[in-house]
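Structure first, commentary second.
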Amino acid sequence: MTVKINKGSEMMQLPVVPLVDTLFNLLIFFLVATRVAEAERELPVMLPSASEAQAITTKPHELIVNIDEKGHYFLAGQKSVTLHDLDLVLRAAWVDNPGRVPVVVRADRRCRWEYVVAAINLCRKNKIRDYRVTTREIPPGEKT
């Protein structure tokens, strides 16, 4: 008895050409992706030193200058300072973080404006541009 092997029709064969195309596309994708990942990896290098290099810092805390009704200056609500001392503190703050020192001037509403202007003038003298004078919000129903 002879056995007849049915090889099937063309429709029953697996389409190889699209599978090969997909395989080549995946191969190219992974080769390119691997090269990009290698390029992003940091290389171990020894950095040179510089005398004027500064560390990367986070934004410094605000320097708060309080002025009471008699014109006395207080730093961070604690230490009473003179205008000369305030000048030194602002200069040191600017040297530590050039251009990034925020200063808040909080003055009593009964103090003379010349004391506030003197504090602002010291900020400008020491190249501090991020300064502001604060006020408080008046609650509804309260008189000024």
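The values are calculated or read from the model by the stated rules, or taken from the named source; none is laboratory data. Nothing here was measured: the structure is a model prediction, and the numbers come from that model. Heads up, the Cβs are rebuilt from the backbone with ideal geometry, glycines too, and the neighbour counts pull from every protein chain shown.
Taken over the range 61-84, the criterion of being closer than 14 Å to Tyr131 by Cα and either touching a strand residue (DSSP E or B) at 6+ places or on another chain (Cβ under 7 Å) or in a helix (DSSP H, G or I) (or both) is satisfied by Glu62, Leu63, Ile64, Val65, Asn66. Within the range 62-106, take every residue that is basic (Lys, Arg) and modelled with pLDDT of 85 or more and give me the one that is surrounded by the fewest Cβ atoms within 10 Å (Cβ to Cβ). Across the range 62-106, the extreme among qualifying residues is Lys70.
A search for C-beta distances below 9 Å between a residue of the range 85-114 that is touching a residue at least 40 places away in the same chain (Cβ under 8 Å) and within 15 Å of Tyr131 (Cβ to Cβ) and any residue that is surrounded by 15 or more Cβ atoms within 10 Å (Cβ to Cβ) and among the hydroxyl-bearing types (Ser, Thr, Tyr), counting only pairs 6+ apart in sequence or on different chains, returns Val101/Tyr131; Pro102/Tyr131; Val103/Tyr131; Val104/Tyr131; Val105/Tyr131; Ala107/Tyr115.
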